[in-house]
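Let me begin by presenting the structure, written as structure tokens, before commenting on it.
The values are calculated or read from the model by the stated rules, or taken from the named source; none is laboratory data. Just so it is clear, the model here is predicted, and its values are computed rather than measured. Methodologically, a virtual Cβ is constructed for each residue, glycine included, from the backbone with ideal geometry; neighbour enumeration extends over all protein chains shown.
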Amino acid sequence: MDIRRGLLLVLLLSVALPSSAQPYGYFSSNPKTEWLPDGRLMVLLEDFTFVDTKGMIWTAKAIPRLEIDGASIPQEFWSTIGGPFEGQYRNASVVHDAECTAPYKHDWRDVHYMFYVASRAGGVDEAKAKLMYAAVYHFGPRWAWNGNPPPERTLDSRDDLLRLSVMLVKNRDLTVDTISGLSTQQLQAAVPNIELEGARACFDKLLRLRALGASRTHPTYRGYFEALVAEQRQLHDDFQRSCPEFSTFE
């Protein structure tokens with residue numbers, strides 16, 4: 001009987017400690033939000049929390065009123081990595097948006113790293129999460145911390161992000177610390193223009209795929225649903241055939 005009770009206690013503890021079962025941390029629940037009439041902003045209705053593996057609690061608070069628009073992920077890169085409310089990194093983007101809203105509670109470097117870890121906790125593939133981390137670290141919000149102004153940026157264009165995607169395809173073990181320290185000159189030296197053009201062509205196909213996916217749910221295209229599905233399937237097959245190395249970013 002004592003052995004059974006002991007086993008039951010171990011089982012209960014394993015259920016009650018979600019962080020131990022989650023190598024990247026865990027979210028408190030699904031975020032409860034409401035779209036505003038402009039169709040661009042969301043309002044958080046209840047506090048939403050991410051707990052990382054160190055036990056650090058990152059909370060997006062509903063009060064005072066928090067309006068979320070995904071702007072903490074630079075909009076010019078949505079076509080490359082996807083919009084902020086798409087896929088498995090939606091939850092991470094909610095907490096990231098909150099942390100990138102003044103008054104700031106943490107160092108911007110820690111906030112962007114939290115976004116990477118939270119994305120992984122949400123199920124985002126490692127290479128894609130690293131590419132998204134690069135987008136927010138190098139092009140996202142920065143602010144002064146402990147009296148120190150943020151440093152100058154070392155990357156300056158979408159081409160840099162595309163070159164980084166090639167590097168990640170070649171070496172998935174590229175660390176976030178290495179990604180943080182990259183410069184445009186280093187990326188240009190590592191990835192020649194011909195590989196950059198290949199990445200651009202693949203991500204353009206990926207952008208078209210995302211646009212077709214969004215069109216399928218839009219009322220304007222309701223009468224063309226079957227045609228859109230067929231076109232999306234055809235484009236997806238073409239993407240998988242011509243860009244297999246970039247499928248991890250889909």
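Some values worked out for this structure:
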{"read-out": "Options A60, A118: the member that is under 21 Å from Y24 (Cα atoms) and in contact with a Leu (Cβ under 9 Å, 6 or more places away or on another chain)", "value": "A60"}
{"read-out": "Scope the stretch 191-250; condition modelled with pLDDT of 80 or more and among the β-branched types (V, I, T); matching residues", "value": "V191, I194, T248"}
{"read-out": "Subset tally (residues that are not in a loop (DSSP other than H, G, I, E, B) and not polar (S, T, N, Q)) for the stretch 169-183", "value": "5"}
{"read-out": "Selection status of V117, farther than 23 Å from A211 by Cα and assigned to a helix (DSSP H, G or I)", "value": "yes"}
